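One structure is given below, encoded as structure tokens.
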2 protein chains.
Amino acid sequence: MRPNARRTTLADIAQEAGVSVATVSKVVNGRGDVAPQTRTRVQELLHRHDYLAPVFRHTEAAAGPTIEVQFKGGLKSYVAETLEGIIDSAAELGASVVISRASGAPHWARDLVSAGRRAVIAVTSVYTAAHLNELARSGLPLVVLDPLHLPDSRVNSVGATNFAGGLAATRHLLSLGHRRIAYLGGPAMAVCNQARMHGYRAAMEAEGLQVPEAHVRPGEFTYETGALGAAALLDLPEPPTAIFAGNDEIAVGAVEAARVRGLRVPEDLSVVGFDDTSLAQMASPPLTTVRQPLREMGGAALRTALRLANGEKIESHHIELATELVVRASTAPPGR
Amino acid sequence: MRPNARRTTLADIAQEAGVSVATVSKVVNGRGDVAPQTRTRVQELLHRHDYLAPVFRHTEAAAGPTIEVQFKGGLKSYVAETLEGIIDSAAELGASVVISRASGAPHWARDLVSAGRRAVIAVTSVYTAAHLNELARSGLPLVVLDPLHLPDSRVNSVGATNFAGGLAATRHLLSLGHRRIAYLGGPAMAVCNQARMHGYRAAMEAEGLQVPEAHVRPGEFTYETGALGAAALLDLPEPPTAIFAGNDEIAVGAVEAARVRGLRVPEDLSVVGFDDTSLAQMASPPLTTVRQPLREMGGAALRTALRLANGEKIESHHIELATELVVRASTAPPGR
DNA sequence: CTGAAAGCGCTTACAG
DNA sequence: CTGAAAGCGCTTACAG
């Protein structure tokens with residue numbers, strides 16, 4: 001960022017605001033004894049001049065602005081590949097990446113500001129009104145990657161075209177000749193899951209096919225959901241000949257459920273995943289899946305975070321990158 | 001770290017060293033115009049009092065000391081699970097984790113010091129003499145996780161009992177009745193690979209078995225090495241009935257090579273992996289493998305890094321955590 | 001609520 | 001090489 005320019009000091013701001021350095025200092029440190037009007041004017045100037053406390057100048061000069069990436073649950077392939085995209089874009093743009101688990105500690109956002117973080121990227125997390133308030137109070141910008149909620153204009157988010165992906169996956173199975181296709185999904189409340197499922201439903205309806213209730217099963221984005229859900233589906237009087245899974249882990253669990261029952265994939269059962277993490281390429285058989293451009297999504301989130309940290313305006317509070325069907329060896333025409 | 005104690009200032013050091021604050025300041029900033037003797041005495045005191053420049057005090061108060069984790073190549077399951085261990089231990093001990101790819105930039109170590117990093121953890125990397133010199137000059141402590149070189153007394157490292165793991169994996173296959181067992185390994189120069197291979201050789205020799213040259217194949221720790229290597233092994237006039245793979249990715253590649261040839265695992269071919277990453281649990285069939293306690297290894301590396309950052313002495317420059325055989329569904333007695 | 005003044009911890013030209 | 005002195009950018013009691 002601005003290589004040679006002398007950094008703005010409190011004195012600069014004080015002069016421009018027509019107040020004393022002491023008053024500006026109070027605003028920076030959030031003391032109470034400042035008139036609301038004065039506070040607003042000074043804050044406005046601090047922001048416009050991208051004022052940075054001297055405690056952070058040294059660090060930023062050496063390692064650039066630092067962005068905090070928070071994740072929930074395990075550091076699975078999905079998160080790891082997104083993180084790779086974030087790290088590489090950060091290296092390119094001269095920023096640093098701190099990684100941690102999302103914490104619900106009382107003043108987490110203010111603590112992050114004190115630690116010099118310039119923005120937060122949350123990977124697949126739920127944010128509550130309390131979270132948003134805490135963030136707003138701290139002034140820390142947030143970018144959510146693969147939001148679990150509906151895009152909310154108060155937060156910036158990066159996702160993928162989940163509906164189109166669900167549609168493409170299901171059409172692929174239909175074009176192979178499948179008619180009994182089940183959907184084994186993630187959490188019912190997650191928007192990404194809903195979009196994938198509705199893409200599936202849209203494709204089925206367009207073909208004039210009824211979806212029996214038992215053929216749509218929500219769950220978690222885990223191997224166990226895949227193994228258990230597929231087992232239940234295969235025990236149905238009229239089992240599906242193909243399963244569209246909400247992500248690759250579910251798909252791999254479904255493949256294992258088939259294997260345990262002596263069914264071969266794809267001869268006896270076709271399976272389509274979602275994400276195209278390294279798991280999909282290494283599954284046996286390699287998985288037909290819907291690719292999410294995870295590294296690119298990570299890169300987009302990082303760039304957005306940096307722009308917000310610089311006080312720039314963002315054109316759109318939500319962007320989606322294109323998904324793409326990748327055909328491998330886990331799908332084939334239905335047997336017999 | 002030391003919650004209430006007032007931090008040591010330059011004035012404290014100056015008084016104790018019997019020099020002026022200006023001189024101490026010069027030492028801290030590495031200026032040339034200080035007598036070598038004076039410099040040494042002052043440096044000694046700075047280190048003993050754990051002097052921290054004011055630019056870093058604020059950050060450390062809010063987020064603890066920050067440790068830089070560097071990896072090479074992709075952020076694979078192996079690295080991701082280790083990183084999880086590092087992150088969790090850091091959260092517990094109040095430290096922050098910056099993650100980046102290893103860079104060979106000219107003054108990388110000094111840049112890290114300027115950015116306030118207190119130590120570096122390198123995951124599975126090679127370090128050259130140039131690296132070690134750059135580090136020594138910067139004074140930044142290094143901990144290597146799963147070193148690719150022989151433990152060197154100049155660097156601290158954390159590993160696992162690879163030889164014992166190789167022995168256990170091979171004995172398991174022998175006890176199932178296998179006699180033609182092949183080793184499909186990683187890079188020939190990597191010590192962890194060498195130790196696994198020699199564990200395998202030791203188990204074979206103890207049983208009085210000759211290992212044909214063609215049954216030991218080095219490669220990379222990748223799926224491709226597994227797929228290609230297993231294909232070559234299975235084309236041998238007398239193919240092995242079992243393969244011990246240097247890691248889980250190689251094992252999964254071998255499973256796929258078998259599937260492609262119409263061979264079933266474990267009925268026609270047994271496969272044992274190494275690491276027990278999530279890949280092993282999600283493979284089809286689930287992989288018998290040698291578990292490395294990756295999270296614990298990450299935690300141990302983080303604790304060591306923090307102790308070094310605090311100027312504490314470490315008892316041993318290398319520690320190894322125990323591996324453990326995990327039997328799943330990819331191994332069985334040889335067929336027919 | 002505001003700001004003059006004292007103070008803090010550090011850095012830097014410069015005289016010796 | 002060393003350090004007295006001026007200066008920097010900020011914070012904090014405290015008087016008004």
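If ligands, DNA and RNA are left out, what is the accessible area of A:Y223 with a 1.4 Å probe, given in Å² to the nearest 10?
Roughly 30 Å² of A:Y223 is accessible to a 1.4 Å probe.
On a C-alpha basis, how far is the centre of segment A:57-130 from the centre of segment A:165-201 in Å? Whole number, if you could?
Spelled out, the Cα-based centre of one part sits 32 Å from the other.
In µm²/s, what is D for segment B:10-51 at 4 °C and 1.567 mPa s, where D = kT/(6 pi eta Rh) by Stokes-Einstein and Rh is the Kirkwood radius from Cα pairs?
It comes out at roughly 132 µm²/s.
Counting partner chain Cβ atoms within 10 Å of every residue's Cβ in B:250-260, what's the average?
That average works out to 3.
Step through the residues of segment A:83-91 one at a time and calculate ³J(HN,Hα) from phi using the Karplus curve (6.51 cos²θ - 1.76 cosθ + 1.60, θ = phi - 60°), rounding each to whole Hz and writing x for Gly and Pro.
For segment A:83-91, the Karplus curve yields 4, 4, x, 5, 4, 5, 5, 5, 4 Hz.
Anyone know which of A:E220, A:E249, A:E16 comes out most mobile in the 10 Å Cα GNM of chain A?
A:E16
I want to verify the translational diffusion coefficient of chain A in µm²/s; compute it with Stokes-Einstein, Rh as the Kirkwood radius over Cα pairs, at 25 °C and 0.890 mPa s.
112 µm²/s
Mind giving me the FRET efficiency for A:H107 and A:H317? R0 is 22 Å, r the Cβ-Cβ distance, nearest 0.05 is fine.
Computed FRET efficiency for A:H107 and A:H317: 0.30.
Could you tally up the Lys pairs in the protein assembly as shown with alpha carbons closer than 26 Å? Skip any pair fewer than 8 positions apart unless they're on separate chains.
Lysine pairs satisfying the spacing and distance rule in the protein assembly as shown number 4.
What number do you get for segment A:160-203 when its Cα radius of gyration is normalised by 2.2 N^0.38 Å, N = residues?
That works out to 1.09 for segment A:160-203.
What is the percent of Cα-Cα separations in segment B:21-109 that go past 16 Å?
Roughly 68 percent, once rounded to a whole number.
Students sometimes get this wrong: rank A:H149, A:H47, A:H318, B:H215 by accessible area, probe 1.4 Å, all chains present, largest first.
Descending order: A:H47, A:H149, A:H318, B:H215.
Radius of gyration and Dmax for segment A:1-72's Cα atoms, expressed in Å?
Calculated on Cα positions, Rg and Dmax stand at 14.1, 46 Å.
Compute and list, largest first, the equivalent-ellipsoid semi-axes of segment B:63-154 from the alpha carbon gyration tensor, each √(5λ) rounded to a whole angstrom.
20, 17, 12
Return the chain B residue and its Cβ-to-axis distance, rounded to the nearest Å, for the rotation relating B to A.
Nearest to the symmetry axis by Cβ: B:A80, 2.
Could you sort A:H178, A:H172 by their accessible area in this structure, using a 1.4 Å probe and putting the largest first?
Output order, biggest surface exposure first: A:H172, A:H178.
Assuming R0 = 56 Å, what is the FRET efficiency of B:R154 and A:A206, from their Cβ-Cβ distance, to the nearest 0.05?
0.25
Might you work out the accessible area of A:H58 for me, using a 1.4 Å probe with all protein chains in place, and round it to the nearest 10 Å²?
Rounded to the nearest 10, the figure is 80 Å².
Which residue, A:Q210, A:Q70, A:Q15, tops the fluctuation ranking in a GNM of chain A built on C-alpha contacts under 10 Å?
A:Q15
Heavy atoms only, probe 1.4 Å: what % of the accessible area of chain A goes to carbon and sulfur, would you let me know?
Answer for chain A: carbon and sulfur cover 54 percent of the accessible area.
Report, as an integer, the average count of C-beta atoms from other chains found within 10 Å of each Cβ along B:56-66.
Other-chain Cβ atoms within 10 Å of each residue's Cβ, averaged: 5.
At 7 angstrom along the Cα-to-beta-carbon line, where would the label on B:E207 sit relative to the other copies? Give the distances in nm, shortest first.
For B:E207, the other copies' label points sit at 4.9 nm, shortest first.
Please compute the average number of Cβ atoms from other chains found within 10 Å of each residue's Cβ in peptide B:223-230.
1
Among B:290-301, A:271-282, A:98-109, B:31-42, what's the highest-first ranking by average C-beta atoms within 10 angstrom per residue?
In decreasing order of mean packing, B:290-301, A:271-282, A:98-109, B:31-42 become A:271-282, B:290-301, A:98-109, B:31-42.
Using amide H atoms built in the peptide plane, which far-off residues or other-chain residues are under 5 Å from B:G159 H to H?
The answer is B:D146, B:I319, B:E320, B:L321.
Rounded, prolate or oblate: which fits the protein assembly as shown when a ≥ b ≥ c are the square roots of the eigenvalues of the alpha-carbon gyration tensor, with rounded for a/c under 1.5 and prolate only if a/b beats b/c?
In terms of gyration-tensor shape, oblate.
What percentages, rounded to whole numbers, describe P(r) for segment A:226-331 computed over all alpha carbon pairs with 5 Å bin width beginning at zero?
Calculated P(r), rounded to whole percents: 2, 13, 21, 17, 12, 9, 8, 7, 5, 4, 2, 1.
Using a Gaussian network model of chain A whose springs link C-alpha atoms within less than 10 Å, name the residue from A:A95, A:A63, A:A195 with the highest mean-square fluctuation.
Sorting by GNM fluctuation, first place goes to A:A63.
Whole-Hz ³J(HN,Hα) for each residue in segment A:207-218, computed from phi via Karplus 6.51 cos²θ - 1.76 cosθ + 1.60 with θ = phi - 60°, x for glycine and proline: what do you get?
Once θ is set to phi - 60°, the couplings for segment A:207-218 become 8, x, 9, 7, 9, x, 3, 5, 8, 10, 10, x Hz.
What is segment B:165-266 by shape, rounded, prolate or oblate, if you read a ≥ b ≥ c off the alpha carbon gyration tensor as root eigenvalues and call it rounded for a/c under 1.5, prolate for a/b larger than b/c, and oblate otherwise?
Because a/c hits 1.5 or more and a/b fails to exceed b/c, segment B:165-266 counts as oblate.
What whole-number value in Å² describes the accessible area per residue of segment B:10-51 for a 1.4 Å probe?
61 Å²
With a Förster radius of 35 Å, plug the Cβ-Cβ distance of A:L263 and B:E324 into 1/(1 + (r/R0)^6) and report the FRET value to the nearest 0.05.
Computed FRET efficiency for A:L263 and B:E324 comes out at 0.60.
Return the value, in Å² to the nearest 100, of accessible area buried between chains B and A (probe 1.4 Å, both sides summed).
Interface between B and A: roughly 3300 Å².
For A:E238, B:E312, write out the residues from largest to smallest accessible area, computed with a 1.4 angstrom probe and no ligands counted.
Most to least solvent-accessible, the answer reads A:E238, B:E312.
Ignoring ligands, DNA and RNA, what accessible area per residue does segment A:98-205 give at 1.4 Å, in Å²?
Computed with neighbouring chains in place, this is 37 Å² per residue.
Would you grab the residues whose amide H sits under 5 Å from the one on A:A242? Only those 5+ places off in sequence or on another chain, please, with H modelled 1.01 Å from N.
So A:A242 has HN proximity to A:A182, A:S270.
How big is the antiparallel share of DSSP beta bridges in the protein assembly as shown, given as a percent to the nearest 5?
10 percent
The values are calculated or read from the model by the stated rules, or taken from the named source; none is laboratory data. On a predicted model such as this, the values are computed, not experimentally measured, just so you know. Here the Cβ is made from the backbone with ideal geometry for all residues, glycine too, and neighbour counts use every protein chain on show. Accessible surface areas use protein heavy atoms only, side chains included; no ligands, DNA or RNA. Shrake-Rupley method; radii C 1.70, N 1.55, O 1.52, S 1.80 Å.
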